[in-house]
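One structure is given below, encoded as structure tokens.
Every number here is computed from the coordinates shown, using simple stated rules; none is lab data. Predicted, not measured: the structure shown is a model, and the values here were computed from it. When we count neighbours, we look across all protein chains shown, and the Cβ atoms used for this are built from the backbone with ideal geometry, even at glycine.
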Amino acid sequence: MADTPTKMPMVPLRGLVVFPDMALHFDIGRPSSMAAVEHCLMEGETVFLTAQKDAQEENPDFGDVHPVGTVARVKQVLKLPGDSMRVLVEGIERGRLVAMDDTQSYLTAEVEVESEEVTRPSDLIRQEAYVRNIATLFERYVILGGRVPAETLFAISEIESPGRFADTIAANVVTEVDEKQQVLNCISPLERLETVMRLLSREIERLEIDKEIAQSVRQQLDRSQREYFLREQIKAIQQQLGEADENGDDAEQLRARIEAAPLPDEARETALKELRRMDKISPSSPEYDVVRTYLENILDLPWGEYTEDNLDLANARQVLDSEHTGLKKVKDRIIEFLAVRKLKSDSRGPILCLAGPPGVGKTSIARSVAHALGKEFARMSLGGVRDEAEIRGHRRTYIGAIPGRIVTSIQRAGKMNPVFLLDEIDKMASDFRGDPASAMLEVLDPEINSTFRDHYLDIPFDLSGVMFITTANDVSAIPAPLHDRMEIIELDSYTDVEKLAIAREHLLGKQEKEHGIAPGIVEIGDDVIMDIIHHYTAESGVRSLERELAAVMRKAAARIVEKGEEKIVVTRSGLRDFLGAPKSTEKNQLQQDTVGVVNGLAWTAVGGTTLCVEVSVMPGKGNLELTGQLGDVMKESAKTAISVVRGMSEQLAFPPDMNEKTDLHIHVPEGAIPKDGPSAGVTMVTAVASALTKRPVRHDIAMTGEITLTGRVLKIGGIKEKALAALRAGIHTVLLPRENRSDLEELPESVRDQIEFVFVDSAQDVLERALVPEEAAA
Ligand code: ADP
């Protein structure tokens with residue numbers, strides 16, 4: 001219900017809404033507004049206040065302000081420094097702007113005053129409901145933390161007019177200017193209550209969301225604070241218990257170690273990067289340990305720690321001699337190697353490969369090299385290694401990854417330049433898990449091993465100071481690229497005499513010491529040691545011999561302690577008491593001259609051995625059967641042997657068509673051992689001839705030699721090993737190709753003395769010596 005318009009000065013408000021019955025302070029700066037206020041204050045006139053639609057507008061026009069505003073009284077004016085003033089106004093009632101005039105020093109508004117409407121009786125119930133609802137909501141608003149001055153709370157409860165109630169709530173609760181204006185626009189109290197209720201609900205919602213957010217932030221803070229306190233408590237407990245404060249100090253200790261270690265740049269950077277990562281991980285997470293273990297692995301490497309080589313050759317020779325009997329060739333080569341090193345310090349030289357049967361001292365001479373040079377010793381067996389990761393480690397992305405064995409061996413050696421023995425390099429296998437041989441190439445190649453990269457460490461590691469020595473039983477089984485980089489030094493089987501000397505000079509003393517027996521208490525003669533060699537061992541090296549001597553010492557120790565004996569003499573007849581029944585395994589299996597069975601001699605990776613060839617004939621159609629895991633070359637030499645024998649049918653007096661009516665079966669026993677090579681040629685000839693002529697073969701001879709189709713006997717290798725094998729089998733006559741005659745010079749005298757070597761040129765020579773003469777056989 002509007003009255004006739006009244007004229008009054010007007011002040012457009014920016015970002016502000018004034019409600020009736022409410023007092024409010026605000027600052028004004030525009031000259032026209034100040035003039036209006038001053039005029040009203042002096043004349044006691046009312047002022048019309050209405051909000052600008054756009055607060056930025058400097059000179060608002062009729063359309064730029066909200067039509068509904070408030071008629072107010074100016075209560076106070078305070079001049080502020082600068083050209084502005086603070087006014088206190090009090091709203092009286094709503095007014096609607098009908099016209100505006102800007103011709104004077106201030107704006108003049110023509111206002112229709114909107115007196116407060118009285119609610120129709122039919123709407124009273126709704127109005128009451130609104131009031132109640134708003135009151136409840138308002139309470140909730142205050143509980144949720146909406147900021148309302150205490151006096152307002154009190155004032156609100158006193159208000160009786162529903163319209164004013166709505167206005168007061170809106171003035172205190174609603175924050176947005178537009179929303180306040182919405183309330184002001186409502187002339188009807190009912191409509192106003194409804195709007196306020198809607199806006200109040202919205203405010204409550206906002207508060208609730210705010211509260212939720214605040215709560216979750218607080219929870220997070222709480223949790224981390226809790227953890228912090230718990231960790232502090234653990235630290236305190238650990239300190240009380242005298243335990244090292246691991247977690248806290250972990251990172252610091254590692255950092256100090258990283259800084260102190262002479263790491264190469266890349267390694268240091270990587271280590272520090274990992275350390276930073278570790279700092280961010282909770283110590284209880286498994287990842288923390290992974291990183292820590294990694295850093296410890298890096299720091300456990302002997303960065304920058306080198307031993308100085310002792311290149312005094314006289315000393316080296318003395319060490320090698322004192323630790324090993326014989327092995328002259330090997331020792332000489334090692335001394336040469338050291339001499340070159342001395343003359344040319346940067347020379348790396350080839351990689352030495354000690355090749356020979358087991359137990360001949362390959363490992364222990366390598367250890368002596370380390371002693372002689374004053375270096376540390378590291379060792380890794382490559383036998384059966386098929387996974388590249390064993391050499392080079394697993395990448396850290398694998399769970400449970402560890403560094404490869406090259407790196408761990410060096411860690412253990414504790415120096416960057418040890419003597420590193422790579423045992424059994426001929427026994428590496430390769431399969432789907434990668435090719436260990438190519439990883440070994442990277443280890444051994446002096447061009448690239450200064451930046452060897454273990455998969456686990458993933459930083460370059462310098463292996464160029466390491467002196468690698470390899471060992472192999474069978475040189476031919478070493479992968480070719482590796483073979484090319486090595487210089488092979490052969491170690492042969494020992495003769496009985498050598499074994500005896502080794503036992504006397506080293507093994508006995510070593511075993512005495514190991515069993516705590518003072519020298520001189522156990523007396524054991526050379527003849528007794530020879531008996532042990534002959535009847536208790538059958539080997540190329542001295543491993544079993546050492547084991548048997550250990551057994552003697554064990555028994556002796558028992559007797560010293562149990563029976564208080566002070567002197568123990570081991571005699572040949574008493575040897576059984578110490579070692580039990582003789583277990584000579586490699587004896588001549590042929591006890592008598594037999595048809596179709598011949599002693600051959602063969603070379604294998606574990607040294608020389610006797611190799612029986614058996615032939616049987618039976619009625620048939622000229623078929624040939626070959627058994628005993630023979631290699632291709634050996635199969636061919638079997639066929640050649642048959643042809644040779646057939647060619648000799650006249651001399652040997654068997655019908656030429658005989659082998660068309662007979663089947664031949666050639667068997668080489670001990671089928672589990674693969675056999676190959678041409679050197680069994682003469683043996684095959686003898687066995688076939690014997691089988692066809694039924695003349696027995698002398699069991700006390702052994703033979704070796706390749707055969708040609710025309711029956712010539714060709715040179716073969718491994719004479720020393722084969723001669724020693726014959727002796728071990730108790731055979732003292734050996735047929736050898738004549739071309740091998742010069743090789744005998746290499747043989748130790750003790751062997752030459754014990755064997756009668758018979759040199760043969762042809763199959764005929766062989767048969768003459770090997771077959772029992774017809775008269776005697778008859
Ligand atoms: P390999 O490595 O060739 O299989 P080892 O080095 O293990 O052989 O030798 C076996 C044992 O025999 C070791 O105790 C070693 O000291 C000893 N040994 C071998 N040859 C000799 C030797 N010539 N002088 C002294 N001891 C030896």
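Spatially, segment 532-565 and segment 81-156 are offset by 116 Å when compared through their Cα centroids. Note on the chain: with charges restricted to the Cβ of Lys and Arg (+1) and Asp and Glu (-1), its dipole about the Cα centre is near 2960 debye.
Shape of segment 381-443 from the C-alpha gyration tensor: oblate (a/c of 1.5 or more and a/b not above b/c, with a ≥ b ≥ c the square roots of its eigenvalues). With 0.36 nm allotted per residue and the present C-alpha distance subtracted, the Val340-Asp83 stretch has 82.5 nm of extension available. Sorted fewest first by neighbouring Cβ atoms within 10 angstrom, Glu548, Glu614 come out as Glu614, Glu548.
Dipole magnitude for segment 542-699: about 580 debye, using +1 per Lys or Arg Cβ and -1 per Asp or Glu Cβ, origin at the Cα centre. Evaluating kT/(6 pi eta Rh) at 10 °C and 1.306 mPa s, with the Kirkwood radius of the chain over Cα pairs in the Stokes-Einstein relation, gives 43 µm² s⁻¹.
Stretching the chain fully between Glu117 and Leu230 yields a gain of 34.1 nm (0.36 nm per residue, less the alpha carbon separation). Overall, the anisotropy analysis places segment 492-609 in the prolate class: the square-rooted eigenvalues a ≥ b ≥ c of its C-alpha gyration tensor yield a/c not less than 1.5, with a/b exceeding b/c.
With the simple spin-label model, which puts each label point 7 Å out from Cα in the Cβ direction, the Ile237 to Lys513 separation comes to 5.2 nm. Among Met428, Met618, Met703, sorting on how many other beta-carbon atoms sit within 10 Å of each Cβ, with the fewest leading, yields Met618, Met428, Met703. The calculated 222 nm mean residue ellipticity attributable to helices in the chain amounts to -13500 deg cm²/dmol, summing -39500 (n - 2.57) over DSSP H runs of n ≥ 4 and dividing by all residues. Considering the zone a paramagnetic label at Ser616 would reach in this model (a point 7 Å from Cα along the Cα-to-Cβ line), which residues of segment 639-671 have amide N under 17 Å from it? Answer for this model: 662-671. In terms of surrounding Cβ atoms within a 10 Å radius of their Cβ, Arg741, Arg255 rank from fewest to most as Arg741, Arg255. Binning all Cα-Cα separations of segment 659-778 at 10 Å, short to long from zero, yields these whole-percent fractions: 12, 42, 36, 9, 1. Computed from the Cβ-Cβ distance with R0 of 41 Å, the FRET efficiency linking Glu636 to Ala501 stands at 0.45.
Taking label positions 7 Å along the Cα-Cβ direction at both Asp27 and Glu45, the computed distance is 2.7 nm, reported to one decimal. Compute the separation of the alpha-carbon centres of segment 431-493 and segment 274-293 and state it in Å as a whole number. Computed from Cα coordinates, the inter-centre distance equals 34 Å.
Subtract the Cα-Cα distance of Leu626 and Arg333 from 0.36 nm times their separation in residues, and report this length gain in nm to one decimal. Don't skip to the answer; put the middle values down first.
Values: separation 293, 0.36 × 293 = 105.48 nm, distance 4.39 nm.
Result for the pair: 101.1 nm of gain on full extension.
DSSP beta bridges fully contained in the chain are about 60 percent antiparallel. Using R0 = 56 Å, the C-beta based FRET efficiency linking Ala550 and Glu774 works out to 0.60.
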